[in-house]
Amino acid sequence: MAVHARLRTAVDADPYIELRPHTIVRSVDQDADSAWVITLDQQTFRGDVVIGADGHGSVVRVGVAPDKPDATFAGYLIWLGLTNESSLTPSRRLPRDVDILSGGEDYLLGYPLPGPDGSVAPGSRQVGWAWYDASHNDLLRETGSVVGNVVRRSLTSTDIPEATFRELADKAEDLWPSPWREAIRDCIERRAVIGTPIAEYVPDKLVNGRLALVGDAAHVPTPMTGSGFSASLHDAEAVAEAVAVGVRGSTVEQALTGYERKRLGNVRGMVQSGQQFSRSFTGRAA
């Protein structure tokens, strides 16, 4: 939330940025002179380039890599929850950083976060957890969260059967130590749990003419790499440097090709390193 707020402040202060909230891009295209997006309500927006930062289900990726448009399901999900530290037993100390635990065939990441008011004082923080689980793929397919090999959406509390909540509560008691099992139990009791199917995408290209990809639109690693956010920042920096020299006329393809040359090998290696974990994890849990 703090990152989003600061970005929004920067956007509002920049006279060259026009923000169009609640606008859904349906398709992208280009010709020799420009690139454009077409929205769901049939508006067209043109520019010298279109840079897709539209996440793992990227629409712009279809224009950049039409033969490989989709990120693919990695074979597991992450249960996610967030609770207030004040809801936990006061004697349970939180780690300073991420706590990574294994239990049975699953993994758990637990981490302290600033409180809703930004406080990092003990007792005022929030407690987040991410539970890696490869045993509920049938539920993902039954609910339409995964269709074929493509991730469509996350599971919300209304998608999760009561039997699954009870199963998770029982497993948490058996697998995870304090304070994480208390945090999980609190979230389950409040039905404040989502299940996010994990997708992966190893790019073969980042650029096609006047179209370019950055962030999760360009590369989708498992969160276990811990590198997705920083890689996205490096993408943004590199593409900004590339287009700073100018993207009018014939210079655009040269500029964007330079961006691709700088970033493609790095981001491919990042996703592939995460795929090693995914193969190992889903193989053990099969």
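Criterion first (at pLDDT below 95 and over 19 Å from residue 184 (Cα atoms)) does residue 117 satisfy it?
Spelling it out, residue 117 is indeed at pLDDT below 95 and over 19 Å from residue 184 (Cα atoms).
Within the group 204, 174, 235, which residue is surrounded by 17 or more Cβ atoms within 10 Å (Cβ to Cβ), among the acidic types (Asp, Glu) and within 26 Å of residue 278 (Cβ to Cβ)?
Numbers: 204 fails: surrounded by 17 or more Cβ atoms within 10 Å (Cβ to Cβ); 174 fails: surrounded by 17 or more Cβ atoms within 10 Å (Cβ to Cβ).
Answer to the check: 235.
Show the residue pairs that are 6+ apart or on different chains and have beta-carbon atoms under 7 Å apart, the first residue being within the stretch 122-151 and at pLDDT 95 or above, the second being among the basic types (Lys, Arg).
From residues that are at pLDDT 95 or above, the pairs are 144/152; 145/152; 145/153; 146/152.
Answer with yes or no whether residue 80 is of a type in the set (A, V, I, L, M, F, W, C) and within 22 Å of the chain's Cα centre (by Cα).
Numbers: of a type in the set (A, V, I, L, M, F, W, C): yes; within 22 Å of the chain's Cα centre (by Cα): yes.
Spelling it out, residue 80 is indeed of a type in the set (A, V, I, L, M, F, W, C) and within 22 Å of the chain's Cα centre (by Cα).
Among the residues of the stretch 81-106, which ones are outside any loop (DSSP other than H, G, I, E, B) and surrounded by fewer than 19 Cβ atoms within 10 Å (Cβ to Cβ)?
Just the residues of the stretch 81-106 that are outside any loop (DSSP other than H, G, I, E, B), to begin with: 81-87, 99-103, 106.
Answer for the stretch 81-106, where residues must be outside any loop (DSSP other than H, G, I, E, B) and surrounded by fewer than 19 Cβ atoms within 10 Å (Cβ to Cβ): 82, 84, 86, 87, 99, 100, 101, 102, 103.
Of all residues in the stretch 19-42, which are surrounded by 13 or more Cβ atoms within 10 Å (Cβ to Cβ) and in a loop (DSSP other than H, G, I, E, B)?
34
From the residues in the stretch 67-79 that are among the small types (Gly, Ala, Ser) and in a strand (DSSP E or B), which one is surrounded by the most Cβ atoms within 10 Å (Cβ to Cβ)? Let's see the steps before the verdict.
First pass over the stretch 67-79, keeping only residues among the small types (Gly, Ala, Ser): 71, 74-75.
Then keep just the ones that are in a strand (DSSP E or B); that gives 74-75.
Numbers: 74: 24, 75: 20.
Only one residue fits best here, namely 74.
Every residue, every condition in (1) in contact with a helix residue (DSSP H, G or I) (Cβ under 7 Å, 6 or more places away or on another chain); (2) assigned by TED's automatic domain parsing to the domain that holds residue 37; (3) assigned to a helix (DSSP H, G or I); (4) not aliphatic (A, V, I, L, M), yes or no:
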| position | (1), (2), (3), (4) |
| --- | --- |
| 158 | no, no, no, yes |
| 182 | no, no, yes, yes |
| 195 | no, no, no, yes |
| 230 | no, yes, yes, yes |
| 235 | yes, yes, yes, yes |
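For residue 224, which of the numbered conditions (1) outside the structural domain of residue 271 (by TED's automatic domain parsing); (2) assigned to a helix (DSSP H, G or I) fails to hold?
(1)
Can you report the number of residues in the stretch 43-66 which are farther than 28 Å from residue 201 by Cα and either in contact with a strand residue (DSSP E or B) (Cβ under 6 Å, 6 or more places away or on another chain) or surrounded by 14 or more Cβ atoms within 10 Å (Cβ to Cβ) (or both)?
1
Inside the stretch 238-272, can you point out the residues that are acidic (Asp, Glu) and surrounded by 16 or more Cβ atoms within 10 Å (Cβ to Cβ)?
If the condition is that a residue be acidic (Asp, Glu) and surrounded by 16 or more Cβ atoms within 10 Å (Cβ to Cβ), then 260 is the only one that fits.
With the requirement that a residue be within 18 Å of residue 126 (Cβ to Cβ), more than 23 Å from the chain's Cα centre (by Cα) and among the charged types (D, E, K, R), what does the stretch 149-192 give you?
If the condition is that a residue be within 18 Å of residue 126 (Cβ to Cβ), more than 23 Å from the chain's Cα centre (by Cα) and among the charged types (D, E, K, R), then 181, 182, 185, 186, 189, 190 are the ones that fit.
The values are calculated or read from the model by the stated rules, or taken from the named source; none is laboratory data. These numbers were taken from a predicted model, which means no experiment stands behind them. Don't worry about glycine lacking a Cβ; one is built from the backbone with ideal geometry, like all the others, and counts go over all protein chains shown.
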